[in-house]
Structures are given as C-alpha cells and as structure tokens.
Amino acid sequence: MRIRIALVAAVVGMSGCAVPEPVVPGVPLSGTITYNGATRASKVLSMEAEEECQKLHSGPVSEDRILVSDGGGLANAFVYIKTGLENRKFPAPAEAVVLEQRGCQFVPRVLALRTGQTLAVKNADPVSHNIHPTPKANRDWNQQQPPGAADLQRKFAVPEVMIPVKCNVHNWMRSYIGVLEHPFLAVTDGAGKFAWPDLPPGKYTLAVWHESLGELTQELMVEAGKPASVALAFRD
C-alpha cells in the first residue's frame, strides 16, 4: 500500500498539476534624467485674448518647456519601460489621475496614466475651457468645461506615448499624457528624478520622452536582490 501511494504521488507531480512557480520579489530602481545642452530662453505667453486669464497672474507668464535644476536635472520627462513586460498583466489602479486647468494652464504639464485608469479633468478657473486630447491610437474627444462644472472623467483603452492635449479656447494651453498597460512609468520631478519600488527582475529597454528633446533609450538588466539605478542625459 505504501508503494502504491508513492507511485500515485509521483504521477501527480510529473503531470504538473499544481506546482506554482516561486514569486520573485521586485527590485527597487531609481534614476536621474539630466540635460547638458545650451540654456534656452523662456517663451512669454500672450493671454491678451482672455482678460480673465490675465487677471489670474500678477505679471507675465512664461512657458518653460525645458526645466532644468541647478544640478542639471530635467523635469517633466516621461520615463517608462518600453520593452520587456509584454507577457505580464497588471490591473488598472482604482484611483484617478488629475489634470487641472489652473491659471489658464494645464497642471501638470506631463501626466502618467494607465490604460483603463480614470483621468479626472478639473476646471479651477473662472473661465470656460475646452479640453481636447488628440491621440492617434485612442478615441479623440473634445469637451467644454465651464467654471464650477463637475470633473470630466475619461479613460484611454490602449497604450500611447504621448497624447497631446490642448484647449480649443486658449491656444497656449498644452499638456501631454503617456498611457501604458503596466505600472512602470513616471514623470521626473524638479530634480530630474524618478523611482519604482518593485520592478521585476529581467531584461528591459528603458525609454525617456521629452516634448522638446525627443526620446532616449537604454538597455537595462535587473537582477533579483540587487537595487538598480540609471542615469541618462539629453544633449543638443
């Protein structure tokens, strides 16, 4: 009887019925994106066409597309894993990502959003805006939002890097949305930094997009148990 039980157990094990693969913990990855090019002059925005917009500011408003810290860190760069996660599935977050119209400008300038995640658009201004994302892979939409109106809530179904956003009422307003299926996407802070706490071990292509400087890529090998760091620099 003992021999028979042992044989049955061996057959079940050989059939592969339920031996789960071990879960490998993710690895912390941090990075810094810098700009080593020439200093570029700020563009002063003309809000003369909308007096109410001008009243929201005490002086001239500049559009600094290239924001660089004293240490060279580049803000508003969209960083993401471009290849290496194709066979993995990640549920969309329940919390919304907010795009606000404040001072007749979009805040923030660059957004990171997941497919299926809610984008909540707010109007904090005393004037009407007309938010108009212009995607190539997702559905185009264009909707007015008067002062005090409820948040607009929209979702994007497929990945797309990047989706330009404009206001059809105020032509100086610009924003960009990067949409991906996985959670390994980020927008650099004022020091040009970003971080992910748990990137799975593996081989990846890391990409960085910037509205004025284009895209950089770097091959990346992440090993189990070894925190990783990256540093990429844009140059003219």
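Can you name every residue in the stretch 76-86 that is part of a loop (DSSP other than H, G, I, E, B) and over 27 Å from A38 (Cβ atoms)?
Of everything in the stretch 76-86, those that are part of a loop (DSSP other than H, G, I, E, B) and over 27 Å from A38 (Cβ atoms) turn out to be G84, L85, E86.
In the stretch 148-166, what residues are closer than 13 Å to K122 by Cβ and either of a type outside the set (G, A, S) or surrounded by fewer than 12 Cβ atoms within 10 Å (Cβ to Cβ) (or both)?
G148, A150, D151, L152, Q153, R154
Inside the stretch 204-229, can you point out the residues that are within 21 Å of V161 (Cα to Cα) and either crowded, with 16+ Cβ neighbours inside 10 Å or of a type in the set (D, E, K, R) (or both)? Don't jump to the end; show me each part of the working.
From the stretch 204-229, those within 21 Å of V161 (Cα to Cα) are 204-220; that's our starting set.
Y204, L206, A207, V208, W209, H210, E211, L213, E215, L216, E219, L220, listed by residue number.
Please find, within the stretch 90-147, the residue that is surrounded by the fewest Cβ atoms within 10 Å (Cβ to Cβ) out of those that are closer than 25 Å to L67 by Cβ and among the acidic types (D, E).
My answer is E100.
What tally of residues in the stretch 144-192 results from selecting those that are farther than 29 Å from V44 by Cβ and touching a strand residue (DSSP E or B) at 6+ places or on another chain (Cβ under 8 Å)?
Matching residues across the stretch 144-192 total 20.
Which of the residues belonging to the stretch 29-51 are in a strand (DSSP E or B) and surrounded by 15 or more Cβ atoms within 10 Å (Cβ to Cβ)?
Within the stretch 29-51, L29, G31, T32, I33, T34, Y35, L45 qualify.
The rows are residues; the columns are (1) in contact with a Phe, Trp or Tyr (Cβ under 9 Å, 6 or more places away or on another chain); (2) modelled with pLDDT under 95; (3) polar (S, T, N, Q).
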residue	(1), (2), (3)
G84	yes, no, no
E95	no, no, no
Q101	no, no, yes
N138	yes, no, yes
P146	no, no, no
K155	no, no, no
M162	yes, no, no
G178	yes, no, no
A191	no, no, no
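Contact list please: Cβ distance under 7 Å, first residue in the stretch 204-215 and over 13 Å from F194 (Cβ atoms), second residue among the basic types (K, R) and in a loop (DSSP other than H, G, I, E, B), pairs at least six apart or on different chains.
Note: pairs meeting the criteria are E211/R65; S212/R65.
Considering each residue of the stretch 52-75, count those that are in contact (Cβ under 8 Å) with a residue 40 or more places away in the chain, exposed (fewer than 14 other Cβ atoms within 10 Å of the Cβ) and not in a strand (DSSP E or B), and give that number.
Number satisfying all stated conditions: 3.
Which condition breaks for Q105 when tested against (1) at pLDDT below 95; (2) in contact with a Ser or Thr (Cβ under 9 Å, 6 or more places away or on another chain); (3) of a type outside the set (A, V, I, L, M)?
It is condition (1) that Q105 fails.
Answer yes if at least one residue in the stretch 194-211 is under 20 Å from F106 (Cβ atoms) and polar (S, T, N, Q), and no otherwise. Show your work before the answer.
Initially, the stretch 194-211 is screened for residues under 20 Å from F106 (Cβ atoms), giving 209-211.
If we keep only those that are polar (S, T, N, Q) too, we end up with none.
Checking the stretch 194-211: not a single residue is under 20 Å from F106 (Cβ atoms) and polar (S, T, N, Q).
Kindly indicate whether E21 is over 19 Å from A195 (Cα atoms), touching a strand residue (DSSP E or B) at 6+ places or on another chain (Cβ under 9 Å) and at pLDDT below 95.
When the stated conditions are applied, E21 does not pass them.
The values are calculated or read from the model by the stated rules, or taken from the named source; none is laboratory data. These figures come from a predicted structure and were not determined experimentally. Using ideal geometry, Cβ is built from the backbone for each residue, glycine included, and neighbour counts are taken over all protein chains shown.
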